[in-house]
Amino acid sequence: MDSLLKRVAAGVGANVIGYLLTFANSVLLVPVFLAFWGGQLYGEWLALSAAIGYLALLDLGMQTYVVNRMCQAYARGRLDELHRDLHSAIEIFAAVAVVGLAAVTAFVALAPVGRLFNLQRTSPHVAGLSLVLLGMNVVLNSIPMGLVGGLYRATGAYARGQMIGNGLRLVQFVVTAAVVWLWTSVATLAAGWVAMNTVGIVLILSDLRRFRPEVRLDLSAGSWRHGARLVGPALLFLLFGIASAMNLQGMVLVVNSFLGAVAVVQFVTIRTVANVVPQGIGIVNSALWPEITVVDARGERERLVRLSQWLVKANVSVAVLAALLIRFVGPDLYRLWTGRQVVFEPRVLDLFLIQVVLMAIWNASGLPLLAINRQHAYAWLMLVNSVVSIGLALALVRSFGLIGVALGSVLADVVCNLLVVPWLLSRALERPVVSFLLTSVAAPLIIGAVLLVLVEGAEPFLGASAWRLVGVPIVMIGFYGIATYRFSLDEQERRLIRGMPRRVRAGLP
């Protein structure tokens, strides 16, 4: 248990740094874009990026599936299986990259890019060049980098891989800020990203040769036939990529088509505020993923059940508290963040915060299914969710604007995911779903509801003082933490928390 906690703690530490850098890229850069590019050009960049983001689907779901298999093979000491999976997948990716770039080039040459994206500040020629460069960034760098970088996770060096990724995120922040400051050109920014990620993959390959010499980077170990056999099961993971692209980029394109580029900035920035919650939760989830894969590969059934229950409970607890804090201080911070250049819509934020709490339930329940390659029903469910989300957004956007788009996404989660995904996990773990939900979900939601009522009742008396922005959030965190320890955690979880100081003193987490 101590070794697992040590690895998870190291991964969480690396993820915290990564979270801060991701925060810098997604939050701190927004005022830079608005100051030097303005809302219209920034909105056009977001729309172009969202459209080309669909190219990430060309990984065919193989990144997640193959890295899971490599992790299982390494845990069992079967390096020949690891090499065969890795190099066969790379061969498939090479062919897909050629097809993907050819498709992007043909689209740019034949499609009326300016009219499709409602461009006003960007010429069709520059927009087309940007799409090609962004496509290169995805199919030549992001996809193979994800697979090769997955070797760190597969070989028990998750934290090291994350720290290398953190270095690349820092470079991306600097490159993006510099380009936006010096040039008002979306094509120049896209070119900077391609150059940065090309250097990044070279550095990763060099580090792996030194750090994991037993892992060969030699295509002779793979075969087209074996790669083709991997594609079938991997396509289920592709459904997750399709669903994610539809829910993220698809919503942006709906807003851009019906409400314009300025509304895209409003929608994306408010969603970014709410997405602080799932991004923060991902700090722990990503570190636990390979551990769940290893536990399942070794047949440790009861340990798998405990890890899954703890994962869901921790996700819901953090999501509820974070959503309450953001709802309380988010509006003031949003206006400060955007310099009041973007209109704040509180009802859109409320809907997004409701969604992230719901997401904590079903997303955490789905993660063990993904880690142990039991993703079949979950994958199709996510695709249905994305179709319903887009359909509801299209139905509601004309009447309710941004609120309708956000509401459509929330309703889709309630109908498609909220109870079904926990049921899928309970079935895989051979545990009753009602018992699982009561153990992992009920207490955090009840504590959050009580805290929400207390804060709403006290809000009229707080004013706009520093106490409201600093003191009250501290009180909220204290109340929620004490209530969670007393009413949500079981005795084994309390012992784990009480033992943390001893582990720290012993050099363990």
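The values are calculated or read from the model by the stated rules, or taken from the named source; none is laboratory data. Computed from a prediction, not measured in an experiment: that's the story for all the values here. Here Cβ is always computed from backbone atoms with ideal geometry, including for glycine, and neighbour counts include all displayed protein chains.
Worth pointing out:
Quick grid of which residues meet (1) basic (Lys, Arg); (2) in contact (Cβ under 8 Å) with a residue 12 or more places away in the chain; (3) touching a helix residue (DSSP H, G or I) at 6+ places or on another chain (Cβ under 7 Å); (4) over 26 Å from Ala51 (Cα atoms):
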site	(1), (2), (3), (4)
Leu235	no, yes, no, no
Ser257	no, yes, no, no
Pro278	no, yes, yes, no
Ala287	no, yes, yes, yes
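- Sole residue being farther than 27 Å from Ala157 by Cα, touching a Phe, Trp or Tyr at 6+ places or on another chain (Cβ under 6 Å), in a helix (DSSP H, G or I) and of a type in the set (A, V, I, L, M, F, W, C), chosen from Ala245, Ala263, Ala228, Ala234: Ala245
- Val397 in a helix (DSSP H, G or I), in contact with a Ser or Thr (Cβ under 7 Å, 6 or more places away or on another chain) and over 19 Å from Thr272 (Cα atoms): no
- Failed item, numbered, when Gln309 is tested on (1) within 30 Å of Glu345 (Cβ to Cβ); (2) touching a Ser or Thr at 6+ places or on another chain (Cβ under 6 Å); (3) in the same structural domain as Ile372 (by TED's automatic domain parsing): (1)
- Yes/no for Ala187 being more than 21 Å from Leu57 (Cα to Cα) and either surrounded by fewer than 20 Cβ atoms within 10 Å (Cβ to Cβ) or at pLDDT below 90 (or both): no
- Residues of region 338-348 that turn out to be over 15 Å from Gly404 (Cβ atoms) and crowded, with 19+ Cβ neighbours inside 10 Å, as a count: 2
- When the test is whether a residue is surrounded by fewer than 21 Cβ atoms within 10 Å (Cβ to Cβ) and in contact with a helix residue (DSSP H, G or I) (Cβ under 6 Å, 6 or more places away or on another chain), Arg306 does not pass it.
A quick yes/no check of all residues on (1) surrounded by fewer than 19 Cβ atoms within 10 Å (Cβ to Cβ); (2) at negative phi; (3) without any contact (Cβ under 8 Å) to a residue 12 or more places away in the chain; (4) touching a Phe, Trp or Tyr at 6+ places or on another chain (Cβ under 9 Å):
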{"position": "Gly391", "(1), (2), (3), (4)": "yes, yes, no, no"}
{"position": "Arg398", "(1), (2), (3), (4)": "yes, yes, no, yes"}
{"position": "Leu425", "(1), (2), (3), (4)": "no, yes, no, yes"}
{"position": "Leu438", "(1), (2), (3), (4)": "yes, yes, yes, no"}
{"position": "Ala442", "(1), (2), (3), (4)": "yes, yes, yes, no"}
{"position": "Gly448", "(1), (2), (3), (4)": "no, yes, no, yes"}
{"position": "Gly457", "(1), (2), (3), (4)": "yes, yes, yes, no"}
{"position": "Val470", "(1), (2), (3), (4)": "yes, yes, yes, no"}
{"position": "Arg486", "(1), (2), (3), (4)": "yes, yes, yes, no"}
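- Elements of type helices (runs of 4 or more DSSP H) in region 468-509, at least 3 residues being out of contact with any Leu (no Cβ under 7 Å at 6 or more places or on another chain) and at pLDDT 75 or above: 472-487, 491-498
- Criterion: more than 23 Å from the chain's Cα centre (by Cα) and of a type outside the set (Lys, Arg) - qualifying residue of Gly39, Gly13: Gly39
- Val215 vs. criteria assigned by TED's automatic domain parsing to the domain that holds Gly167 and not in a helix (DSSP H, G or I): yes
- Residues located in region 48-100, provided they are buried (at least 22 other Cβ atoms within 10 Å of the Cβ), aliphatic (A, V, I, L, M) and closer than 28 Å to Arg298 by Cβ: Met62, Val66, Val67, Met70, Leu82, Leu86, Ala89
- Within region 108-130, the set of residues being hydrophobic (A, V, I, L, M, F, W, C), under 28 Å from the mean Cα position of the chain (by Cα) and in a helix (DSSP H, G or I) comprises Leu116, Ala127, Leu129.
- Cβ pairs under 7 Å, 6+ apart, first in region 115-135 and touching a residue at least 60 places away in the same chain (Cβ under 8 Å), second part of a loop (DSSP other than H, G, I, E, B) and aliphatic (A, V, I, L, M): Ala127/Leu119
- Answer residue from region 282-312, given it is of a type in the set (Gly, Ala, Ser) and within 22 Å of Asn15 (Cβ to Cβ) and is nearest to the chain's Cα centre (by Cα) among those: Gly282
- Test: residue in region 409-432 that is under 23 Å from the mean Cα position of the chain (by Cα) and more than 30 Å from Val305 (Cα to Cα): yes
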